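Read the structure below first, then the notes.
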Amino acid sequence: MTVMTATAATAAAAPGAGPAGTAAGAVNGAAFSDVDETLIRMKSMFRFLAFHLRRRGEPPATYERLADGLRAAARRGEPREQINRRYYRLLAGEPVDLLERSGRSWFAHERAQPGGPYVPEVARELRAHRAAGRPVVLLSGSFFACLEPVAEDIGADHALGSRPVVRRGVLTGEVLVPMIGAAKGRAVELSAALRGFDLAACSGYGDHSSDLPLLGAVGRPVAVGDDPELAAHARRHGWRRLAAGRA
């Protein structure tokens, strides 16, 4: 599984019974899903960072200091895209291969916890899409270290994440385009244009108002969880809703 910035393969989808149109017999649809607190019950970037720092021998105070800086930026109302960039600056100088190994160890740890990492309803629907032959594409502001093990485990065809800049095998701390907000909607539309998906036959899953561009791009949007702005939008537009659990 490779995390990329645009993607997908052609597959089938159609209206009918089952999750967001999982009945057999349709063509040219795919399932697009956000990851954090949509497919998995946690914020992967924070959980991974805590795990990676512990693995590196850092004291707990190191994680708390770094995470508090990101949370403070959020409280000040800084856009999610900028907070995403702040996060990757914390990883400047980290080797890609070390992050990949940490990511796999981190997700194996999450997999072993009681209840597992997934939001059951969303995981079940994505597996149903896969069983029906439709491709599953994950979209997230997270990055390869977190997304690759999740995508492989759930059986996703592709994962579209924020892409850190890498030089000589090491992260520079910069990111090309944060896969947040409008970028998710553009990624869905680009996938459809490149691979011949019928967006009206595609399903989408998201848990936050920042996922509205993703959900608005597809014909079968599903609002996950109880974000007030997203829930209100879903009610106004008659979108399906699913419950979500958080770790």
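The values are calculated or read from the model by the stated rules, or taken from the named source; none is laboratory data. Fair warning: this is a prediction, and the values are worked out from it, not measured in the lab. Here Cβ is always computed from backbone atoms with ideal geometry, including for glycine, and neighbour counts include all displayed protein chains.
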Which numbered condition Pro221 misses (of (1) touching a Gly at 6+ places or on another chain (Cβ under 7 Å); (2) outside any strand (DSSP E or B); (3) crowded, with 19+ Cβ neighbours inside 10 Å; (4) not hydrophobic (A, V, I, L, M, F, W, C)): (2)
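Let's see how each residue does on (1) under 19 Å from the mean Cα position of the chain (by Cα); (2) more than 19 Å from His158 (Cα to Cα); (3) modelled with pLDDT under 95; (4) aliphatic (A, V, I, L, M):
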residue: Thr2; (1), (2), (3), (4): yes, no, yes, no
residue: Ala9; (1), (2), (3), (4): yes, no, yes, yes
residue: Leu53; (1), (2), (3), (4): no, yes, no, yes
residue: Gln82; (1), (2), (3), (4): yes, yes, no, no
Tally, over segment 85-101, of residues that are more than 10 Å from Thr172 (Cα to Cα) and either of a type in the set (Val, Ile, Thr) or touching a strand residue (DSSP E or B) at 6+ places or on another chain (Cβ under 7 Å) (or both): 2
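Mind telling me which of the residues Val136, Val96, Val166, Val175 ends up being touching a residue at least 60 places away in the same chain (Cβ under 8 Å), closer than 20 Å to Ala244 by Cα and of a type in the set (Val, Ile, Thr)?
Val136 is the lone residue from the list that is touching a residue at least 60 places away in the same chain (Cβ under 8 Å), closer than 20 Å to Ala244 by Cα and of a type in the set (Val, Ile, Thr).
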Per-region count, segment 110-126, residues over 13 Å from Val150 (Cβ atoms) and touching a helix residue (DSSP H, G or I) at 6+ places or on another chain (Cβ under 9 Å): 0
Residue identified as closer than 12 Å to Ala31 by Cβ, surrounded by 17 or more Cβ atoms within 10 Å (Cβ to Cβ) and aliphatic (A, V, I, L, M) among Val119, Val150, Val137, Val175: Val137
Matching residues, segment 224-240, being loosely packed, with under 15 Cβ neighbours inside 10 Å and in contact with an Asp or Glu (Cβ under 6 Å, 6 or more places away or on another chain): none
Verdict on Ala31 being at pLDDT 95 or above, farther than 14 Å from Phe143 by Cβ and either surrounded by 20 or more Cβ atoms within 10 Å (Cβ to Cβ) or within 16 Å of the chain's Cα centre (by Cα) (or both): yes
Flag for Arg47 being at pLDDT 95 or above, surrounded by 18 or more Cβ atoms within 10 Å (Cβ to Cβ) and either farther than 23 Å from Gly93 by Cα or of a type in the set (S, T, N, Q) (or both): no
Of residues in segment 162-176 being out of contact with any Phe, Trp or Tyr (no Cβ under 6 Å at 6 or more places or on another chain) and hydrophobic (A, V, I, L, M, F, W, C), the one nearest to Ser140 (Cα to Cα): Leu176
Within segment 156-172, tally of residues that are surrounded by 15 or more Cβ atoms within 10 Å (Cβ to Cβ) and in a loop (DSSP other than H, G, I, E, B): 4
Residues of segment 178-204 satisfying the condition of being buried (at least 21 other Cβ atoms within 10 Å of the Cβ) and farther than 21 Å from Glu81 by Cβ: Ala192, Phe197, Ala201, Cys202, Ser203
Close pairs (9 angstrom Cβ cut-off, 6 or more residues apart or separate chains): without any contact (Cβ under 8 Å) to a residue 40 or more places away in the chain in segment 142-163, part of a strand (DSSP E or B) and buried (at least 24 other Cβ atoms within 10 Å of the Cβ) anywhere: Gly155/Val136
Test: residue in segment 63-70 that is farther than 19 Å from Pro164 by Cα, in contact with a Lys or Arg (Cβ under 9 Å, 6 or more places away or on another chain) and either assigned to a helix (DSSP H, G or I) or of a type in the set (D, E, K, R) (or both): yes
Single condition Lys184 does not satisfy, out of (1) closer than 27 Å to Pro213 by Cβ; (2) more than 15 Å from the chain's Cα centre (by Cα); (3) of a type in the set (D, E, K, R): (2)
